[in-house]
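Take a look at the structure set out below.
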Amino acid sequence: MKESDKLQILKPTANAIFDIARELGMIKEIYNELSECSKLFQDIDIKKYFFDRSISEKNKKELIDKRLKPILSKETYAFVSILTEHNSIDVLPDIVALYKEIADDYNNIVRVRIITAGTIDDNTIKDIIQTVKCFSNNEISYETVIDENIIGGIIVYIGSVVYDYSIKNQIDLLHNKFTYGN
């Protein structure tokens, strides 16, 4: 399935869950629960269990009832149950990511991710955030990530927009230019 097709299917689901959470005043709580469930179902052994056709749906449902029902809100529990019943729990991370985007839009938050090859000083971070604030009246939430694979330079994600000023990107661009021409 293409990524765009997947988004067309999952976005309404994420919107519906968000609408329920908003109506209940539980936006953050449901996000946290969905996020934790998503991490849980990323575990290799748990994934194998839930996709093992030799294990009955009844046994899977009993496990969900026993382990998750007591610790989740009834809304999150119902949603996770539906996903497991339809063997669709693997889409939960994508739904969580979409839910987070929807919640950020609702709360007027812009996420900024700053990737560098090494540590970056606080003044540089402040300068980047100030630049972003020039283009947005929204609250800025940022994270910094060190990725030595970019060799040097910086990559800045502002929402879904990427500004890639990494050395690796420059090398890749030169490589493509020499290999394929203009």
I need the full set of residues from the stretch 108-123 which are over 17 Å from Gly159 (Cα atoms), part of a loop (DSSP other than H, G, I, E, B) and not charged (D, E, K, R), in order please.
Ala117, Gly118, Thr119, Ile120
Counting just the residues of the stretch 27-54 that are out of contact with any helix residue (DSSP H, G or I) (no Cβ under 7 Å at 6 or more places or on another chain) and of a type in the set (A, V, I, L, M, F, W, C), which one comes out farthest from Ser81 (Cα to Cα)?
Ile44
Among the residues in the stretch 58-73, are any in contact (Cβ under 8 Å) with a residue 24 or more places away in the chain, surrounded by 12 or more Cβ atoms within 10 Å (Cβ to Cβ), among the hydroxyl-bearing types (Ser, Thr, Tyr) and outside any helix (DSSP H, G or I)?
yes
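For the stretch 167-182, state whether one or more residues are small (Gly, Ala, Ser) and in a strand (DSSP E or B). Break it down stepwise before answering.
Going residue by residue through the stretch 167-182, those that are small (Gly, Ala, Ser) are 181.
Cutting the leftovers down to in a strand (DSSP E or B) gives us none.
No: zero hits.
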Answer yes or no: is there a residue in the stretch 139-160 that is more than 23 Å from Asp122 (Cα to Cα), in contact (Cβ under 8 Å) with a residue 12 or more places away in the chain and either in a strand (DSSP E or B) or not polar (S, T, N, Q) (or both).
no
With criteria (1) in contact (Cβ under 8 Å) with a residue 40 or more places away in the chain; (2) under 16 Å from the mean Cα position of the chain (by Cα), Ile167 comes up short on (2)
Could you tell me whether Arg53 is modelled with pLDDT under 95 and not aliphatic (A, V, I, L, M)?
yes
Per-region count, the stretch 108-154, residues out of contact with any strand residue (DSSP E or B) (no Cβ under 8 Å at 6 or more places or on another chain) and among the polar types (S, T, N, Q):
6
Can you tell me which residue is farthest from the chain's Cα centre (by Cα) among those in the stretch 1-26 that are assigned to a helix (DSSP H, G or I) and within 19 Å of Ile71 (Cβ to Cβ)?
Leu24
Kindly list the number of the only condition in (1) under 30 Å from Asn32 (Cβ atoms); (2) touching a residue at least 40 places away in the same chain (Cβ under 8 Å) that fails for Ala117.
(1)
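The values are calculated or read from the model by the stated rules, or taken from the named source; none is laboratory data. Because the structure is predicted, anything quoted here is derived from the model rather than measured. Cβ atoms come from the backbone with ideal geometry, glycine included; neighbour counts cover every protein chain shown.
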